[in-house]
1. Check ILE305, ILE285 and return the single one that is touching a Lys or Arg at 6+ places or on another chain (Cβ under 7 Å) and either among the β-branched types (Val, Ile, Thr) or part of a helix (DSSP H, G or I) (or both).
2. Would you call LEU163 surrounded by fewer than 24 Cβ atoms within 10 Å (Cβ to Cβ) and more than 15 Å from the ligand (Cβ to nearest atom)?
3. Right, THR101: within 16 Å of the ligand (Cβ to nearest atom), hydroxyl-bearing (Ser, Thr, Tyr) and under 25 Å from GLY249 (Cβ atoms) or not?
4. So, in the range 177-198, how many residues would count as being surrounded by 23 or more Cβ atoms within 10 Å (Cβ to Cβ) and touching a strand residue (DSSP E or B) at 6+ places or on another chain (Cβ under 6 Å)?
5. Which residue, of VAL92, VAL71, is touching a residue at least 12 places away in the same chain (Cβ under 8 Å) and surrounded by 19 or more Cβ atoms within 10 Å (Cβ to Cβ)?
6. Filter the range 265-318 for residues that are surrounded by fewer than 17 Cβ atoms within 10 Å (Cβ to Cβ), of a type in the set (A, V, I, L, M, F, W, C) and modelled with pLDDT under 95 and give the result.
7. State whether the residues of the range 76-93 include one that is closer than 20 Å to THR123 by Cα and under 23 Å from the mean Cα position of the chain (by Cα).
8. If a residue counts only when it is among the polar types (S, T, N, Q) and at pLDDT 95 or above, which strands (runs of 3 or more DSSP E) contained entirely in the range 1-93 have at least 1 such residues?
Amino acid sequence: MSELVTVTVPLADRSYRVIVGHGARTKLADMIPEGVRRVAVVSQSGMPFTLETGRETVQIEIGHGEHHKTVSTMETLCREFAAHGLTRNDLVIGFGGGMVTDVAGFAAASYHRGTAVMHVSTTLLGMVDAAIGGKTGVNIPEGKNLVGAFWQPSGVICDLDALETLPEREVRCGHGEMAKYHFLTGEDLSALPLTERVARCVEIKSEVVASDERESGRRALLNYGHTLAHALEIATDHAMAHGEAVAVGLVFAAHLAEVMNRIDTARVEDHIRVVEGDYALSAAIPEGLADELLLELMGRDKKAIEGLTFVLDGPQGIEVVPQVPAASVLAALRQMRASQSPGTPRTTVGS
Ligand code: GLY
């Protein structure tokens, strides 16, 4: 086993460890809280390895894809927990990518009004984002993750062995979130060795979560690039995966900030260089999605309490900006599309 790195998410009496590295799963049994007798492992078909919990364990598989991230799946899980006699002193383990850990976390948060959960994350995106920080939830037709709870895990395992068989598309999704950390910190993470890179992302996220666990302020910065991203996921009926959509959303956020005279063209180019260059991601808005539809979906974002709200770069750094004019959003979409069409000169739009 190569070196394992431990990052602590510091949340007073709910602090927990995140173990990162090849073979990290071997630490699972020792991390299980005292008193746990039964474990329910929530996962999907095709897991890259098996888990040894050292406890009486039931495996429950859920379907693949965002369409299974529903209240109905959550209910099925809770009924399975009950059928297997899980008590509130027992443990749920979310074993998989972000979709699995979000649903398993929400089921654990609700079952007996709160049962302990741990996550064993098997995707890059899950390791650097979804499994850390206690956001759990499911989708409803009106929006992504609109029903959920904050429920911190008791521990997280990021076993990098899982990444060896991870499909290329899933790797790209993780890179979308890593590019986000680049802009939040100014650090070039792309050149770090894998263990350090994942551990650094976990550290960055932990620090933000510890400062604002329930997103009353600073934690919203973790949604940089996410307002358009969530709209794209819904508009494409999830054909566009989350991390892919975040890559587009980051570049869009830069265009919007430029349209609003918050940053200059060089900073927009910087976003394009990091997203398309360092992380080799596409920043193109898919063809056939009307700007008005994207605008409407962005208006339904959870942050949109005081009108259209975005996380935007600016003279004070990246911050939450409420009451963004719809005209600026439409202008930024036009500017971005124009800059993407080969041979089309970049449109200049005012604020
Ligand atoms: N994925 C954003 C957050 O956990 O706050």
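The values are calculated or read from the model by the stated rules, or taken from the named source; none is laboratory data. Keep in mind that what you see is a predicted model, and the values were worked out from it rather than measured. Positions of Cβ are backbone-derived with ideal geometry, glycine not excepted, and every protein chain shown enters the neighbour counts.
1. Details: ILE305 fails: touching a Lys or Arg at 6+ places or on another chain (Cβ under 7 Å).
Checking each option against the conditions leaves just ILE285.
2. Details: surrounded by fewer than 24 Cβ atoms within 10 Å (Cβ to Cβ): yes; more than 15 Å from the ligand (Cβ to nearest atom): yes.
Yes.
3. Working: within 16 Å of the ligand (Cβ to nearest atom): yes; hydroxyl-bearing (Ser, Thr, Tyr): yes; under 25 Å from GLY249 (Cβ atoms): yes.
So THR101 fits the description; yes.
4. Result for the range 177-198: 1.
5. Details: VAL71 fails: surrounded by 19 or more Cβ atoms within 10 Å (Cβ to Cβ).
Among VAL92, VAL71, only VAL92 is touching a residue at least 12 places away in the same chain (Cβ under 8 Å) and surrounded by 19 or more Cβ atoms within 10 Å (Cβ to Cβ).
6. Within the range 265-318, ALA304, ILE305 qualify.
7. First, pick out the residues of the range 76-93 that are closer than 20 Å to THR123 by Cα: 92-93.
Imposing the further condition that a residue be under 23 Å from the mean Cα position of the chain (by Cα) reduces the set to 92-93.
Yes, that holds for at least one residue.
8. On the way: elements: 5-9, 16-21, 38-43, 56-61.
Correct list: 5-9, 38-43, 56-61.
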